[in-house]
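**Student:** Please see the structure below; I have some questions.
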Amino acid sequence: MSRPKKKVYIKTFGCQMNVADSEHMAQVLAQEYALTDRPEEADLYLINTCAIRKKSEEKVRSLLGSLKALKQKRPQMLLGVGGCVAQQEGERLLAAVPHLDLVFGTHGIYRLPELVRRAFSKRQVDVALMEGFPPALPRRWRPGSAQALVTIMQGCNNFCSFCVVPYVRGREYSRPPAEIVAEVQEFLAAGGKEVTLLGQNVNSYGRGLSEPLAFPQLLCKLAELQGLERLRFATSHPKDLSDELIGLFGELTPLCEHLHLPVQSGSNRVLAAMNRAYTREHYLEKVARLRRCLPGVSLSTDIIVGFPGETEADFQETLTLAQEATFQQAFCFKYSPRPQTRAASLPDQVTEEVKAERLARLLDLQDSITLAALQRLVGQAWEVLVEGVSKRSDQELSGRLRTNQVVNFSGPPKLVGQLVSVEITEAHPHSLKGRWVAELSPASRRPVAEGTPRRLSC
Ligand code: 5AD
Ligand code: SF4
C-alpha cells in the first residue's frame, strides 16, 4: 500500500502568471504532496508572491507575520515563499522572518521538490535566474477543467520605467511552439475548451526561437486545433500590436472578441517618461483599427495615476483617453515606486493625496463607462462558458462571455465547464445577471455574422 501523501497549501497573490506558476508548483510536488485548501492541515505552506506594487508586497509581509502562530502550533510544517518578492528579497527575507524555511525565486519552481527536501534540515534560498525556459514543463490545468492557462513566454525586455517585472522575472524567453501546441492538444483531448496564452508581452513572442514563428502564426496554428472553442491571450504591449495580429480578430473563430491592452497613461509626456514607446495617437489608432476589423470587440486596460511628474493637465489627458477608447474594464492603480526601477528615483514624485484623488476621479469615470457597456448587453442572449458555482449557493453559477464580462445566473452545477446560452437580464456596476436559456449544440456556436461577437438568438 502506498503511503498517504503529505499536504501542501499554496496561497497565490498577483497576476495570472502567478496563478499558472502556482499550478506548476502543485504539479512538480505532486509525487509527495497533495493540494489542500485548508491551511491548518498543511505540511508545506507556500506563498506565491507579487512585487508589482508596494501594497502587494505588504500583504505578503503581513500574512508571513500572522503565520508565526500556525508555525508555533505545527512546528513540523515547512513554510516557503516563492515568486516575485522572493526573487527580489532573497536572503533578506530569510533574515527578516525567523519562522521561514524556504525562499525560492521565479525560476526556482522546477527545483522545488529538492529544495523542500533540503529545507527539512537547513533553511534554503534559491533565487538564481536561468537562461531560457526550463525543460519538460508539466501540464498545468486542473483535471476536468474547461480552461487552461498556457505560458508561452517568460520574462520581459521592455524595462518600462515604473516596472519591477524585468528585474524579478528576468529576460524574455519564448517557449518552443511544438511544446505549446502539444500542451494545448493534450488539454483539448481531455475535454478542454478555453485556452489563455500567457506572457508579459505576448506580441513579441518568437524572438530568439531556433525556428522563428511570430505570435500571429502561433495563434493561427492553435486556432486550427480540433475542439478549441475559445482562445485568449494576455498581456499585449501596444507598441508590438501589429496590423497582422489586429487582422486576426474576427478571422480566427476561436479567438475571443476581447483584448487587454494596457495604456498606462493618456499623456504623451508621461508615456515617454514611462518608456512605453508609443503615443496616445498611436494607441487610439490601433484601437480604431481593431474596431474596424471587429466592431463588437471589447477592450480592457491598465492605467497608472500619479506617475512622477504627472500634472493635472497630463491626468486630464488620461481621462479623455479613457472616454475615447471606451474601455469595457480598466484596472487603475496609484503609482508605487519599486526597487531598482528608474522611475523610483525620478524627481517630482506625486503626493499620496493627489494620487488618491486622481484615482477616485478616474474610477468614477470608468465606472460609468463600464456600466453603460454592460447595459448594452441586456436583453440579448450570449454564449457563456460556465466557470463555477457561487460560494453562496450551488444553484448559482458564474461564467464569462466571449467579450470577457462575468455573468451570474441560476442553473444546475452540471453546467460547469459547458458552453451555454444566457440571456442578460440586469446590468450592475461591475457584473451582470442573466437567465440560462439553453445548452449549446455545436452548430449553434458559430458566430451569427462575421465581425460580430457570438450573440445567440434565443
Ligand atoms: N505602480 C503602479 N502600478 C504598476 N503597474 C506596474 N508597475 C506598477 C507600479 N510601480 C501596473 C501596470 C501594469 C499592471 C500589471 O500593474 O499598469 O500594466
Ligand atoms: Fe513591466 Fe513594461 Fe514588461 Fe509589462 S512590458 S512587464 S509593464 S516592463
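**Student:** Got at least one residue in the range 271-285 being part of a strand (DSSP E or B), open to solvent by less than 20 Å² (accessible area, probe 1.4 Å), aliphatic (A, V, I, L, M) and in contact (Cβ under 8 Å) with a residue 24 or more places away in the chain?
**Tutor:** First, the residues of the range 271-285 that are part of a strand (DSSP E or B): none.
For the range 271-285, residues part of a strand (DSSP E or B), open to solvent by less than 20 Å² (accessible area, probe 1.4 Å), aliphatic (A, V, I, L, M) and in contact (Cβ under 8 Å) with a residue 24 or more places away in the chain: absent.
**Student:** For residues in the range 173-208 being open to solvent by 30 Å² or more (accessible area, probe 1.4 Å) and charged (D, E, K, R), which is farthest from ligand 1 (Cβ to nearest atom)?
**Tutor:** Glu186
**Student:** Taking the range 46-66 as the region of interest, how many residues are open to solvent by less than 10 Å² (accessible area, probe 1.4 Å) and without any contact (Cβ under 8 Å) to a residue 60 or more places away in the chain?
**Tutor:** Here the count works out to 6.
**Student:** Hey, among Leu261, Leu218, which residue is within 14 Å of ligand 2 (Cβ to nearest atom) and open to solvent by less than 10 Å² (accessible area, probe 1.4 Å)?
**Tutor:** On inspection, the qualifying residue turns out to be Leu261.
**Student:** Give the residues of the range 161-171 that are within 11 Å of ligand 2 (Cβ to nearest atom), open to solvent by less than 30 Å² (accessible area, probe 1.4 Å) and under 16 Å from Met17 (Cα atoms), sorted by residue number.
**Tutor:** Residues satisfying the conditions are Cys163, Val164, Val165, Pro166, Val168, Arg169.
**Student:** Take the residues in the range 67-101 that are of a type in the set (Gly, Ala, Ser) and over 20 Å from Pro339 (Cβ atoms); name whichever of them is most open to solvent (accessible area, probe 1.4 Å).
**Tutor:** Narrowing the range 67-101 to residues of a type in the set (Gly, Ala, Ser): 69, 80, 82-83, 86, 90, 95-96.
The next check asks that each one be over 20 Å from Pro339 (Cβ atoms); those that pass are 69, 80.
Numbers: Ala69: 62, Gly80: 0 Å².
It comes out as Ala69.
**Student:** Provide a single number: the residues in the range 13-31 that are without any contact (Cβ under 8 Å) to a residue 60 or more places away in the chain, under 15 Å from the mean Cα position of the chain (by Cα) and away from ligand 1 (no atom under 15 Å from the Cβ).
**Tutor:** Residues in the range 13-31 being without any contact (Cβ under 8 Å) to a residue 60 or more places away in the chain, under 15 Å from the mean Cα position of the chain (by Cα) and away from ligand 1 (no atom under 15 Å from the Cβ): 1 in total.
**Student:** So the check is Cβ under 6 Å with 6+ separation or different chains; which pairs have a first residue in the range 337-360 that's open to solvent by 70 Å² or more (accessible area, probe 1.4 Å) and a second one that's part of a loop (DSSP other than H, G, I, E, B) and of a type outside the set (Ser, Thr, Tyr)?
**Tutor:** As it stands, the answer is Asp348/Pro308; Asp348/Gly309; Gln349/Pro308, since those pairs meet every condition given.
The values are calculated or read from the model by the stated rules, or taken from the named source; none is laboratory data. Computed from a predicted structure; not experimentally measured. Positions of Cβ are generated from backbone atoms using ideal geometry, with glycine treated the same way; all protein chains shown enter the neighbour counts. With ligands, DNA and RNA removed, areas are computed over all heavy atoms of the protein, side chains included. Shrake-Rupley method; radii C 1.70, N 1.55, O 1.52, S 1.80 Å.
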